[in-house]
Structures are given as structure tokens and as C-alpha cells.
């Protein structure tokens, strides 16, 4: 019998590919081996070794680590000075996340529902471009914008909003001598830095909402506002939550922005940085590092409870 | 049901007057006049891109006309958004809300109208019972089959008691058996509710079997409106003759040669009879000797394509059992009654 197709050229490589096609579990294993080794051993392994240190304590006089399990180090997190750091950091992260969601949603919504192909390309470019420049350059750029004699103050003055800005800065907590050394400034800079991480997942979620669902809601008598609250927002929520995971955790861990923009009060990232560096208190640094993980776990649990992932 | 009422006299459920809708250079709807009667099952039939779906979306309010007027029960609706119109739509993809249970999907229209939880749950249960989905309230749309989703979409649209129900190719995604079942059910539902159904389809069989009247669309215009028998038996143009069923289209001269008036005419394949050798021609029929070009078996009928010595090609559909000794290349005698030819307004 004559072969219908030219006989393939036999060889070791062909035997190997035949084997992988037949036994695709083997293929999956080969594909996943490098990332599993990296993520499982190098990354997660060292993370847990580090976090494990939080049950040790430090000898105050010798400055050495006492390798005897204790809850004293974890309890130290609740000392007023340390607890302040946690509350401050979580509040800033929450404010940044909220602001990112409020600013990002309309942009993501426009790109997902109304933009044509060209406008969509321009949108992606505009959202991604800030990520291409150095993080430090952007922060110092913002420092200049926020300074007392900076562009934001000048524009506010020109628009006659000078007194409003003064009044805002005079407020306790959010205010300060100038925007560049206030929590307001810090939140603004964080919002700027992490906005792309909020917009992109929201955009992806909104793009997956078929137009017919929005039409159906209107058809059944829902006003646009009602449609937004009952259909669009619940369906976009997984995207918002995904974006919030980014903005929230990135803010929780950052220690550079607070150093350049913030006040003298520490945030969590700075605390970890100084504790493991100059202070050499690895156990307390590890205890602090547990907090973002627990906060994110709590956040995801709450998000799941509110049905954010029901549409997935 | 009400097809015998003069459309000009009754208050139309939906009336289009010179409606135009363009998308850029594309004339999706290009001057459509129509009236749909209260309680009528009205089918909009046409190939894709013929403007039928855009017409449905104009009634629903998802599109606004560029010119012309649209009335729903005598009320002008141009500029009125979908949520202020007393019409509801069953979408082609059903458009069920994936994050809501089946019960909440059905009750959605009541929820936005401010009906309380207990009352809307009760009505949703009734609506689901009406479409034979009792006890499915707590399921998710993703857990349902295509046919069940279709029923949920129907219940959701009907629960708010629309004056007109719009159906956009609702049976397109179902398999044949289920489609036939749903056709009967939809027709029955429409009859009990006494509601106007406007049904968009590209399936001529569906349109003919369900509708009280059919509007045939082509290139943004309605080419013929009428009861199914009329549209099928007396197609006005070559397009209608070809799209609604199949037909032989004859020129004026060919029609005259078969003893009919000298007008472009259509001739349905099933109106051509096969004659056994030696039989005498029935009265009023012209007998044609022809050569068989092609034969295809289609279950109940056999389609025979034959060419006369004069070059006229005709397709005949004969009961499959009757066509015994028929084979390609062989001779055949066809009988055509001249009154089976339907004169058309144009050959186009």
C-alpha cells in the first residue's frame, strides 16, 4: 500500500515528540518544572524561612537572635508605636486603592465599551507608558510638583484655590507644611504609581461583559444608573478586586515613596527596612512582614463573602 | 390570529413610517413602512444583513432612527430609551445575568420596578412554571442547557407584561428537535397571552410555520408582507421566490410558452408533476419532454433538475416513492399546469 503522506523522517526528536503528544501529563510536568522549582523552593521557601523567624525573639542586650519559640515578638506588633505603623499603612493603602478605583474605572470603562481599535491602542500606550520610566524619577518628579512652590500649588493659586489648598493642609492628619511632606501627597504619588495596575484588570473584566447584558437590563426597565449598580459593577468586581490586590499590596510593601514624600512617621515598609537593617531585629521585621499577608487574606475573604467572584 | 383585520384601521402595536437607519455608508434600514397588529405573531424574515435585526432593535430602542417615525400603540417613541418602552426582548444569546440566580434573573424587571422581594419571588416562580422550569429558581444560568436558558430569557421578558415581545433569532442556537418543540410552545404562549410577538429569523420554515404575517427583508427594505400562504404561493419578486422556499423563475417568454400570461413568473418545484410514459396530459397542463441533469434524494421528496430541448432548466420536487426509474441523463416527462405559474412584479 502506498503511503498517503510522505513518511516522516524517523529520529530521536520525533520519538520524543510522539511520546509527549501521547502522554501530555509528562509535557505539563516538563513545562511546569522550572517555575515550580523557582516559586516553590527559592521564593516560597525563603519567604517561609523568613516569616518563621517571627516566633523567635531578640536578646535586647546582646542583640542576638534567641532561637526559642515565643509569641512575644508577634505581641510586640500591638505596642502602640508599632500598631500605629500598621494602622497608618493600612489606611494609606486603602485610600490609594479607593482613589485608584475611582479614577481608573471611568478610563477602563471607556476603553472597554466605547473606544475603537485605534483609541484602544492609544489607551494601552498611555496607561503603560509611565511604567517604562524609572520609579525614582517619577517620585522625584512628583516631589517637585507637590512642593510648596511647585506646579500644583501654582495652578491652585492661579485658579483662586490657594486658600482651599491651605485649608486642606491645615487639617490634622492629612495635612502638613506642604503637599510634598503630607499623607495627601503620599497617597497622590502612590495613586499615580499604581494606577496602571488597577486599570488593566478592570479593563479586562469590563471587556468580558457582553453588550447584550447591558441592553437586557435597559430592556427590562433599568435606568443607566441602575444597570451600572446591578449588572456592570457586580460583573466588573473581580477585575476591581484583582486591581485592588495590586494597589493594596504594592502600597503596603513600599518604603521609598514614604521616605521621599512622606512625613517623619514610619510606614510598614520602612519599619521592616530599618528593623532588618540597622536595628538587626530580624524577628520583629518578620512579624511586620506577616501583616500584609494577613491583611490581603482578610481582604480576599471579605471580597469572596460579598460575591466578588460569583461571576467568575 | 388577527390577520384578517385591515392593518389601516386598527391601532397598530408597532408602526414604522419611512424609517431609515444608516451605519456610516451602510444603509441597514432604508425606508421601512410597516404596521404590526395587536395580538399578531409577526415574523421578520431575511438573510443576514437585510435589516431585520436593526428593525427589531429600533422597536426595542437600542437604535434610534436617522429618519422616519416609530409608534408603539400610537405613541411616538423616537428618542425614548429602552427602559421607557413597554416592549421586551428575548436576545439571541439570551443575555442572562451570570451573577444572578435563575429566579433573580426572571425577577430582575420587577426588582427595578421596586416590587418587594416576596412578591417578585412569587411572580418569578409563576413565570418559570409558565415556561416549564418549575423548581429551577436557585440554579445559575451556567448550569442550564441551551433550551432551558431560552425559557428563562422568555420568562424574564414576559414577567413585566410587555405590550409587544421582541424575539431576536431565539431558536437559532437550539438543535432541530428542540427548535420544533419551542416553535409550538412559543406559538401556544403567544395565543394564550394574546400578545404581539415580533420574531426575527433567517429560517423561512420557522417564519412560515409560526407567523400570522411574514415580512421579507432584503437590503434594508421590506420586499413583501403578508400571511405565510400568500408570501409562499404568490412571491412578488425573484428574491422572495428564491428565499422563501425554492422556486423556478421564468422569464416572460418562458411563461408564455407554458401557456401563462407573458410576465416574469415563479413556479414552485412541487407544482411540477412527473408523468409516466404513455399517460395523457391532464387538462390545462403543458407536457414537457426533458433530459434529467441531476437527481437528489431528500427523504420525502426527490428533486429532479431537468433540461428541455429548448434550453429551459426546471427543478421539480416529486414524492420520493413515485420517482421509480429516474436516473441522471435519462428522459423524463414533466407536466406543468399554466395556473401554477405565479406572475411576479419584477424579475429582480
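Only the coordinates and a few stated rules stand behind these numbers; no lab work does. Remember, predicted model here, so these are calculated numbers, not experimental data. Don't worry about glycine lacking a Cβ; one is built from the backbone with ideal geometry, like all the others, and counts go over all protein chains shown.
Working ranking of peptides A:138-149, A:238-249, A:78-89 by packing, defined as the average number of other Cβ atoms within 10 Å per residue, highest first, is A:238-249, A:138-149, A:78-89. Counting 0.36 nm for each residue step from residue B:327 to residue B:233 and taking away their Cα separation leaves a gain of 30.9 nm.
Can you bin chain A into rounded, prolate or oblate? Criterion: square roots of the alpha carbon gyration tensor eigenvalues sorted a ≥ b ≥ c, rounded for a/c under 1.5, prolate for a/b above b/c, oblate for the rest. The shape class here is oblate. Neighbouring Cβ atoms from other chains, within 10 Å of the Cβ of residues in B:92-98, number 6 on average.
Within region B:267-339, all pairs of alpha-carbon atoms sorted by distance into 10 Å bins from zero give the percentages 21, 59, 20, 0. Springs join every pair of Cα atoms under 10 Å in this Gaussian network model of chain A, and among A:37, A:294, A:275 the largest mean-square fluctuation is at A:37.
Using 1/(1 + (r/R0)^6) with R0 = 56 angstrom and r between the beta carbons of residue A:132 and residue B:251, what's the FRET efficiency to the nearest 0.05? Show your work: numbers first, answer last.
On the way: r = 69 Å, r/R0 = 1.24.
So, using R0 = 56 Å, E works out to roughly 0.20.
Taking the fewest neighbouring Cβ atoms within 10 Å as the starting point, the ordered list for B:121, B:212 is B:121, B:212. Where does chain B land at 222 nm, in deg cm²/dmol rounded to the nearest 500, when only DSSP H runs of n ≥ 4 count, each adding -39500 (n - 2.57), divided by all residues? Mean residue ellipticity at 222 nm (helix-derived): -7500 deg cm²/dmol. Partner shielding of A:219-231 amounts to 6, given as the average count of beta-carbon atoms from other chains within 10 Å of each residue beta-carbon. If you take the beta carbon distance between residue B:181 and residue A:114 as r and set R0 to 35 Å, what does 1/(1 + (r/R0)^6) give as a FRET efficiency, to the nearest 0.05? After rounding, the FRET efficiency stands at 0.30.
Between 0 and 90 degrees, the angle of helix B:146-158 with respect to the longest Cα principal axis of chain B falls at about 60 degrees. To the nearest ten degrees, helix B:176-193 and the longest principal axis of the Cα atoms of chain B are 60 degrees apart. For chain A, modelled as a GNM whose springs connect Cα atoms under 10 angstrom apart, the maximal fluctuation among A:13, A:302, A:74 occurs at A:13. Counting Cβ atoms of other protein chains within 10 Å of each residue's Cβ and taking the mean over peptide A:202-210 gives 1. Structure remark: mean-square fluctuation, Gaussian network model of chain A, C-alpha springs under 10 Å; the largest value among A:12, A:70, A:230 belongs to A:12. Reported value for chain B: 167 Å³ per residue, from the convex hull of its C-alpha atoms. From least to most packed, judged by other beta carbons within 10 angstrom and beginning with the fewest, B:182, A:129 follow the order A:129, B:182. Sorted ascending by nearby beta carbons within 10 Å, beginning with the fewest, A:77, A:284, A:206 become A:77, A:206, A:284. Over every Cα atom in the protein assembly as shown, the radius of gyration and the widest Cα-Cα span, Dmax, amount to 36.5, 126 Å. Spin-label model, residue B:23/residue A:168: points 7 Å from Cα along the beta carbon direction are separated by 4.4 nm.
Run the helix sum for chain A: -39,500 (n - 2.57) per DSSP H stretch of 4+ residues, divided by residue count, reported at 222 nm to the nearest 500 deg cm²/dmol.
On the way: 16 runs with 207 residues, N = 312.
That comes out to -21000 deg cm²/dmol.
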